[in-house]
């Protein structure tokens, strides 16, 4: 095919929307995998935590319990994951089993939920708003059949919320082990996410620049 023949195939608006969505999908996938590995590791080290998990009585079969350890705990985690809701509230139900649940700032909850909805519609519906997306994310302002195109700024908000929530979870675990919360580097940009994290862990305010940042800095011009 020549460039002229190929050109109608490409839609610049869709290409940009796909680029932003892919960054959200990748970040969400990494977060899901991190939570799964962390939870499974905690349950392996503390199997007594499973004694009060009622869902396992309904979801687990005898053959599941007889699987090799690594497979058994993957089945256990999957059963727990499928029993909880979406967004931060769903993850907090999982962390409650680990005795690591706590309040989460609203700005992080809101953007985590939106990130999950955007991830789902792109992963399962090629980015086209369907009735499920409209029902679950009506506040985003899309209509059925619309291309769910998020701006670079929205993408930055979603990825930052995912990263900061991950850091909150890590800090909870560190504190439960007698360590302090994970500090932020001085180069972390001022944002609602930085403020939210420091509201929970004021001791994490950076003393010096360590060259790391968990906040995604997006140029407003490209939003």
Report whether or not residue 29 is within 19 Å of the chain's Cα centre (by Cα), at pLDDT 85 or above and farther than 25 Å from residue 113 by Cβ. no
Determine whether segment 108-124 contains at least one residue that is touching a residue at least 24 places away in the same chain (Cβ under 8 Å), outside any helix (DSSP H, G or I), crowded, with 18+ Cβ neighbours inside 10 Å and in contact with a helix residue (DSSP H, G or I) (Cβ under 8 Å, 6 or more places away or on another chain). no
Residue count, segment 132-143 (criterion: loosely packed, with under 12 Cβ neighbours inside 10 Å and assigned to a loop (DSSP other than H, G, I, E, B)): 2
For segment 131-144, pairs from a residue that is under 19 Å from residue 110 (Cβ atoms) to a residue that is modelled with pLDDT of 90 or more and not in a loop (DSSP other than H, G, I, E, B), with Cβ under 6 Å and 6 or more apart or across chains, are 133/121; 136/117; 137/117
Looking at 140, 198, 184, which one is in contact with a helix residue (DSSP H, G or I) (Cβ under 8 Å, 6 or more places away or on another chain) and modelled with pLDDT of 90 or more? 198
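Kindly indicate the residue of segment 48-65 that is surrounded by 11 or more Cβ atoms within 10 Å (Cβ to Cβ) and assigned to a helix (DSSP H, G or I) and also modelled with the highest pLDDT among those meeting that condition.
The extreme case among them is 49.
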What tally of residues in segment 78-104 results from selecting those that are buried (at least 20 other Cβ atoms within 10 Å of the Cβ) and not in a helix (DSSP H, G or I)? 1
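The values are calculated or read from the model by the stated rules, or taken from the named source; none is laboratory data. If you're wondering where the values come from, they're calculated on a predicted model, not measured in any experiment. Cβ coordinates were reconstructed from backbone atoms using ideal geometry, including for glycine residues, and neighbour counts include every protein chain displayed.
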